[in-house]
Amino acid sequence: MNTRKFPQDGREVSEIGIGTWQLGGAEWGDVDEADALNTLTAAADAGVTFIDTADIYGLGRSESLIGRFLADRPDRDRFFLATKLGRNPTPGWPDNFTYDVIRQHTEASLERLGVDTIDLTQTHCIPHEVMQSDQVWDALRKIKKAGLIRHFGASVESMDEAMTCLDVEGMASLQIIFNVFRRKPIEAIFTKAKQRGVALIIRLPLASGLLAGKFTKRSTFVETDHRHFNRDGQSFNVGETFAGLPFERGVELADELKQCVPEGVTMAQWALRWCLDFDAVTTVIPGAKSPKQARDNAMASSLDPIPTALHTHLRRFYNEKVHADIRGKY
């Protein structure tokens, strides 16, 4: 596993991390506890050190499972823990953005994770108008000063939101949607993020599984999977599901890309490697629901960069065939 420096910390983190939305068991179908713990173990054994979660994933279940995983690791200090807050239904918006509630939610995450300090706390796709005020950022600065967190960042939906956050004093990271189908961040924020020393954490690098290349137009998902109940943005931002593409169109586009994948490499690994080819990227956090998926994802770190000519082809492919079909905040 190759590593990259978390800019404002200096620590090295695995360039392939693991996202744990799916371990909450609420919006990706069920994942039992044994499978979740085995998946985290497989990721760690493959060299993954960056773990991303949120207090809302299973209403704390994901954080609690990570806490149980860490409790049994003699090497627990090598992991970089990132969580998120701001979307908890108790008390909900707008009260979630006050100092007292942010501290309360931070302390609850600390308890579930079983740590004294969280490496990174991120705002979790909160309203843009809240990002534009100082209320949340002032609260996070106070919580950082109190030693409850080491850094704070923001998970955002759009590049306008990302640009707002890049101007916030003390901003350590941005978590963004970025993949072969969703490349607007390259021109919009990569240069400024590097100039500001802000880490870029890449979520949904496989476009909710489209870029694994295994779906057909007839593929179905269980009712508790957001790919069933949010494919057109019925429950939250449509960009979080299939990168904002209509499912059937996404399958067509993924099928076209299969010819670009070299022999001996899975399409998912190739898509992860594409993300890593940009030096503004700090870590990529694909989800995994099984040990095999976690190991396969980690192997993307050992792949050679994608040839320049293919990058040129993929940029043209995006401009001509993908961009016009993306829905939601972008």
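The values are calculated or read from the model by the stated rules, or taken from the named source; none is laboratory data. Predicted model, so just to flag it, every value in this text is computed and none were measured. All Cβ positions, glycine included, derive from the backbone under ideal geometry; neighbour counts span all protein chains shown.
Miscellaneous remarks
- Restricting the first member to the range 186-215 and to residues that are in contact (Cβ under 8 Å) with a residue 60 or more places away in the chain, and the second to residues that are of a type in the set (D, E, K, R), the beta-carbon pairs closer than 7 Å and six or more apart or on different chains are Ile201/Asp52.
- Restricted to the range 273-330, and to residues there that are out of contact with any Pro (no Cβ under 9 Å at 6 or more places or on another chain), touching a residue at least 12 places away in the same chain (Cβ under 8 Å) and among the basic types (Lys, Arg), the residue that is surrounded by the most Cβ atoms within 10 Å (Cβ to Cβ) is Lys329.
So that you can scan it fast, the table gives a plain yes or no per residue for (1) hydroxyl-bearing (Ser, Thr, Tyr); (2) over 20 Å from Phe152 (Cα atoms); (3) modelled with pLDDT of 95 or more; (4) touching a helix residue (DSSP H, G or I) at 6+ places or on another chain (Cβ under 7 Å):
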| position | (1), (2), (3), (4) |
| --- | --- |
| Gly25 | no, yes, no, yes |
| Ser64 | yes, yes, yes, yes |
| Phe69 | no, yes, yes, yes |
| Thr90 | yes, yes, yes, no |
| Glu107 | no, no, yes, no |
| Leu110 | no, no, yes, no |
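- In the range 102-160, the residues that are within 24 Å of Thr49 (Cα to Cα) and acidic (Asp, Glu): Glu107, Glu111, Asp116, Asp119
- Only one entry of Thr220, Thr121 meets the criterion of being in contact with a His (Cβ under 9 Å, 6 or more places away or on another chain) and either of a type in the set (A, V, I, L, M) or crowded, with 17+ Cβ neighbours inside 10 Å (or both), and that entry is Thr121.
- Members of the range 210-226 that are at pLDDT 95 or above and either part of a helix (DSSP H, G or I) or in contact with a Ser or Thr (Cβ under 7 Å, 6 or more places away or on another chain) (or both): Leu210, Leu211, Ala212
- Looking across the range 74-88 at every residue that is modelled with pLDDT of 95 or more and assigned to a loop (DSSP other than H, G, I, E, B), the one that is farthest from the chain's Cα centre (by Cα) is identified as Asn88.
- Residue within the range 32-46 that is part of a loop (DSSP other than H, G, I, E, B), more than 30 Å from Asp167 (Cα to Cα), more than 16 Å from the chain's Cα centre (by Cα) and modelled with pLDDT of 95 or more present: yes
- In the range 187-209, the condition of being assigned to a loop (DSSP other than H, G, I, E, B), modelled with pLDDT of 95 or more, in contact with a Cys (Cβ under 6 Å, 6 or more places away or on another chain) and surrounded by 24 or more Cβ atoms within 10 Å (Cβ to Cβ) is met by at least one residue.
- Selection within the range 147-162 - touching a residue at least 40 places away in the same chain (Cβ under 8 Å) and either over 22 Å from the mean Cα position of the chain (by Cα) or under 16 Å from His105 (Cβ atoms) (or both): Leu148, Ile149, Gly153, Ser155
- Residue within the range 227-245 that is surrounded by fewer than 17 Cβ atoms within 10 Å (Cβ to Cβ), touching a helix residue (DSSP H, G or I) at 6+ places or on another chain (Cβ under 9 Å) and part of a helix (DSSP H, G or I) present: no
- Residue in the range 94-105 that is surrounded by fewer than 19 Cβ atoms within 10 Å (Cβ to Cβ), assigned to a loop (DSSP other than H, G, I, E, B) and modelled with pLDDT of 95 or more present: yes
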